[in-house]
Every structure is written in C-alpha cells, then in structure tokens.
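**Q** Right, I'll just put the structure down here and ask away after.
The values are calculated or read from the model by the stated rules, or taken from the named source; none is laboratory data. What you see is a predicted model, and the numbers here were worked out from it, not measured in a lab. Every residue, glycine among them, receives a Cβ derived from its backbone with ideal geometry; neighbour counts consider all protein chains shown. Just the protein is used for accessible areas: all its heavy atoms, side chains included, with ligands, DNA and RNA removed. Shrake-Rupley method; radii C 1.70, N 1.55, O 1.52, S 1.80 Å.
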Amino acid sequence: MEELNLTDVYGELQQKSKSFTYVSKSLNLKSRIDYFLIPRSLFSDVRRAEIRISTASDHNAIFLSIHFKSEFNRGPGLWKFNNTLLEDNNYKELIAFYYPKMLRKYSEVTDNQLLWELIKMELRTKTIG
C-alpha cells in the first residue's frame, strides 16, 4: 500500500466503527479481511464508504460512493479492435493501401511473429489516427 500510495478508504472514514466483512458464526469469528484500496489522491473525492450485507454467506460487501470534483488525467487505457471495421469498405481499402508499404518497411524482419506484431502496431496507429 505504501509503495503504490494507496489507502484503505473504509478504514480511514470509519475508524471507530466495529463493522466486519467476514463473519463465521460456527467459529465465533469476526474480522475485516476485505479492503477497498484507492489512491490517496482520490480520498478527498470519496463521499461514503460502508459495509453492507452481501449475497455471499460469510462475506459482506464494501460499498463506495465517489464524486469526482474535476477532470483527472487518465492513463493510456486499453485499445481493442472493433472488428465491425472489417465490413467497412473504406477501412478495407485503407488496409489494402498500407499493407504493402508495411511489408516493405519491415522487409528485413525475418521473425514472422515479430513481423505480425509490427504490422498490428502499424494498423492500430492507422486505425486510431
């Protein structure tokens, strides 16, 4: 938690609360073994954190309500190819136009797997661009 600058949001907000996320009646045991960790930089945006009964028989759920006051910088995210583009004639023409250029650009690459990865990288750039 320290290395990633995370905080246990429920523990911070409910320091005096005696709520538990795990209860075993047969063992007469209660503990808070489940946590909701968030970056410390988001802590001021948290409105509420609470433990509620959940559908699991021996675990409760931690609910968190966050209200972001302002925009924040996002990371690069994850890009996923929309395969419906393969039905788009303009997109197919784009691939047909750039594919031979990519093959020429990477003509000295002898590893087929590397060549495929480089072509995918180029196509992704052209698709997003």
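**Q** Specify the residue that is most open to solvent (accessible area, probe 1.4 Å); the eligible residues are those in the stretch 21-45 that are at pLDDT below 70 and in a loop (DSSP other than H, G, I, E, B).
**A** Ile33
**Q** For Ser65, only one of the following conditions fails: (1) at pLDDT 85 or above; (2) closer than 30 Å to Ser19 by Cα; (3) not in a strand (DSSP E or B). What is its number?
**A** (3)
**Q** Ser65 - would you say it is surrounded by 10 or more Cβ atoms within 10 Å (Cβ to Cβ) and within 21 Å of the chain's Cα centre (by Cα)?
**A** Spelling it out, Ser65 is indeed surrounded by 10 or more Cβ atoms within 10 Å (Cβ to Cβ) and within 21 Å of the chain's Cα centre (by Cα).
**Q** Read through the list (1) in contact with a strand residue (DSSP E or B) (Cβ under 7 Å, 6 or more places away or on another chain); (2) of a type in the set (D, E, K, R); (3) part of a loop (DSSP other than H, G, I, E, B); (4) modelled with pLDDT of 75 or more, then give the number of the only condition that Glu108 fails.
**A** The one condition Glu108 does not meet is (1).
**Q** Here is a further query. On the given criteria, is Tyr98 on the phi < 0 side of the Ramachandran plot and either modelled with pLDDT of 80 or more or out of contact with any helix residue (DSSP H, G or I) (no Cβ under 9 Å at 6 or more places or on another chain) (or both)?
**A** yes
**Q** Could we say that Ile119 is modelled with pLDDT under 95 and either exposed (fewer than 11 other Cβ atoms within 10 Å of the Cβ) or not in a helix (DSSP H, G or I) (or both) here?
**A** It is false that Ile119 is modelled with pLDDT under 95 and either exposed (fewer than 11 other Cβ atoms within 10 Å of the Cβ) or not in a helix (DSSP H, G or I) (or both).
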